[in-house]
Structure formats: C-alpha cells, structure tokens
1. Could you pull out every residue, at least 5 positions away or on a different chain, whose amide H is within less than 5 Å of the one on residue 57? Hs are placed 1.01 Å off N in the peptide plane, and Pro or chain starts have none.
2. As a footprinting exposure proxy, order 27, 42 by other Cβ within 10 Å, with the fewest listed first.
3. Over region 167-340, what portion of Cα pair distances is larger than 20 Å, expressed as a whole percent?
4. Need one number: the % of Cα-Cα pairs in region 205-260 sitting beyond the 13 Å mark.
5. Two decimals is fine: what's Rg over Rh for the chain, C-alpha atoms, Kirkwood radius as Rh?
6. Residues with amide H under 5 Å of residue 303's amide H, sequence separation 5 or more or different chain, H placed in the peptide plane at 1.01 Å from N; which?
7. Mind sorting 278, 205 by how few other Cβ atoms lie within 10 Å of their own Cβ, fewest first?
8. Enumerate the calculated ³J(HN,Hα) couplings along region 209-225 in order (Karplus 6.51 cos²θ - 1.76 cosθ + 1.60, θ = phi - 60°), each rounded to whole Hz, writing x wherever the residue is Gly or Pro.
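Please treat every number below as a calculation from the coordinates, not as lab data. As the structure is a computational prediction, the values presented were derived from the model and not from experiment. Reconstructed Cβ throughout: ideal geometry from the backbone, glycine too, with neighbour counts over all protein chains shown.
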Amino acid sequence: MTGRVLIVQASSGMRGPQRTVVSLAAWLGRRRDVTLAAPRGWVLKEATRRSPEIEALPLPGTWVADPVASARRLRTIARIESPSIIHANGLRALGIAAPAARSTETPVLVHAHGSELTSRARTVLRAWRMLEIDVHVYGVSRTANALLATSSLGARVDGILPNPIDADLFDVEPPAFGSPVRIGVLASRSPHKGLERLIRVAAAMRDDDVVWRVFGVRPRENDAHVRSVRHDAILAGIADRIEWMGAFSRPVAAFGSFDVLVVPSDRESFCRAAVEGMASGRPVVATAIPGLSEIVVDGTSGLLFDPERPEDGATAIRRVIADPDLRSRLVAGGRRTATEHAVERIGPQLEAIYRRLTLSPAAAAGRTGASA
C-alpha cells in the first residue's frame, strides 16, 4: 500500500491514546504519506517534531475536537487527498471520521480500547453502522475485543493491534533502590486508575522506607475525587510521604525518577504505563485485573495482587525491594514483554493491516465506485 494515510485523533493531551497515535504517526511518516488530524496541541507538535514529513491538519476545538466542524473539515480534506485508508484512533475519532469515509468510500481502521464504550458511544456506533461504512476494528488487547464484541461493531472486530511504545524508554538509567525507595504511579483524576487503592497500599506501608511519586495529578488538583483521596492520605498519616508530580511530557524523565512502578487500577483494557515501566527496567506491581494480567505475568514480568486486598499490594512491593534476584528476573521478563510492544514491532503489523484492508474486495469496490 503506497497511498496516503489519514490518521484521526479526537483529543489533545499527553496521555496513553495520544502517545500511541504520536508513536504510530511518526513511525509511518518516515515511510509513507501521512496526514495527521487532531486538535492543536501536543499531538500535532510532537508528531511533526519526530517526523517533519507528516502533514498536520488542525481540527476545530481546543482540547477535544468539535464533532460537527471537525467532521466537515475531514470530509473536505478526504475528497481532496483521496486517502487509501482512514485510521481512527478510538471510537470518538471514528465518529468524526465516518462522514469522510462514507463520502469517499474509504475503508476505516479503528484502533480502540473497550473502555471507551460509554452508553453514548454505543448509541453513536449504532447510528454509524446503519451508514454501511467499511469499518475494521482492532482492539488493543483480548480484553478490549471482548468488550467491543458487545457493541454494534462486534461483527467488525478483526483482530488485535497492541499499543506501541517508543525506543528511548529502553535507555532509561537503572533504578537506584536507595533510601528511601521511590515508588512511582502514573495516574489521573479518573477513579478507575485506582488512586483510592493506592492510598490504602501506601497506608499499609507507612512504616517502610519509601516515598510515593504520583504523576498525572497536579499538586493542587481541584477535583472532588482527588480531594477525597488527599483527605484519605491525611487521615492515614501518610500525606507527607506522597509527592504529587503533576503532568509530564517526557516518559523517560518520569520513569527515571523512581524505582518501582505500581499500577493500582480498577480496570484497564491494555495499560501502556505497565509496558513503558517494563521497557525502562522498572519492576512492575499491578492489580490482577483483565487487560493488565495480559501484560503483567505474575512472577515473570511483574507481580500481581488482588485489587480487593491492598495489603497484598504492600507485600508484593516489599518482596521486590527486599529480593534483588526477584527484581532481576522481573526486569528481564518485563523487557522481553516490552520488546514485543516496541513501535518497530507494532509498526510493521499496522502496515500489514493497511495492506489487507486496501486490497480487500470491499475497498476495491469502493475505490471503483468513487472514481466512476
């Protein structure tokens, strides 16, 4: 496949979905013609910094793309550029890319997390299905595909495309494991990321020589859930052991600032942070939940604990701190897992999917009809 790829990202920011689309767009941009459509911000700046060959297409909207205006702009651009394929990074991106796909009869690859399936998203998907767009869904994991199978796009789920990670994470300095041991968490304001559980784990380790570095939450975050979690930390007598590090733009710097990565989530369909931690040589301790347990193999690439038993999380962290041989085994196993998710591995898988979709009978019929 040598035609142009139109990649659509519906929001700005620097979280997992945005880092995924930047990694893939930059990798592709050095090999073929790529137009990246996203709201102004980090996604467009970082992707074009890494791969200046990318054509940046700013979408209307400040943080999240305006759905109506963005759909119109994409439809206009698609008619001009005639992309071979439209790559929607997530279900929201599908919503704004669908009119362009229908207008130009272009196949759409949707790279999706099952966690996006809100009730509103399900309603929108049912509407788009009626338009008979040539949609092909690739979830980020088996867990994601199981969730996506319950939607109106279930019959369009074609396979799995894991999230990629960047090569520079493999060059992070080894952890120091000094005094105190630094425990890192990549979190957010979303309750499902497990901040409340983290506080319970930290409370169980109040007498241990550790500090907790929480990234992704600002020091004075004015959010009800975060305020509640901070209050819990004060009541548990551990508020002075938690460092709220705020947002980060360079994962390499974040992972280089702690020794152990803890992932206390309630739910994950993939968990990019866990793979990035493995790549950076950090032992990973995570909740035993679907999605995460596909990546973190207990005793091989990390340690898992029962999400209902935070004291088990504390025990797992203590094991990692106390046993250098265990740390070495987990780090080695984690790096093997991370290597499988390097963008140099995932990029060729994506190109192979593009080739299949653009050579499919449905895509060929669409191109013939569009040119008639």
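1. Here 36, 37, 38 satisfy the definition.
2. 42, 27
3. The calculated P(r) of region 167-340 puts 46 percent of pairs beyond 20 Å.
4. Taking all Cα-Cα pairs of region 205-260, the fraction more than 13 Å apart is 64 percent.
5. Ratio of gyration radius to Kirkwood radius: 1.00.
6. Here 284, 285, 286 satisfy the definition.
7. If I rank by nearby Cβ atoms, fewest first, I get 205, 278.
8. Listing the rounded values in order: 7, 9, 10, 10, 10, 9, 9, x, 10, 5, x, 10, 4, 8, 9, 4, 5 Hz.
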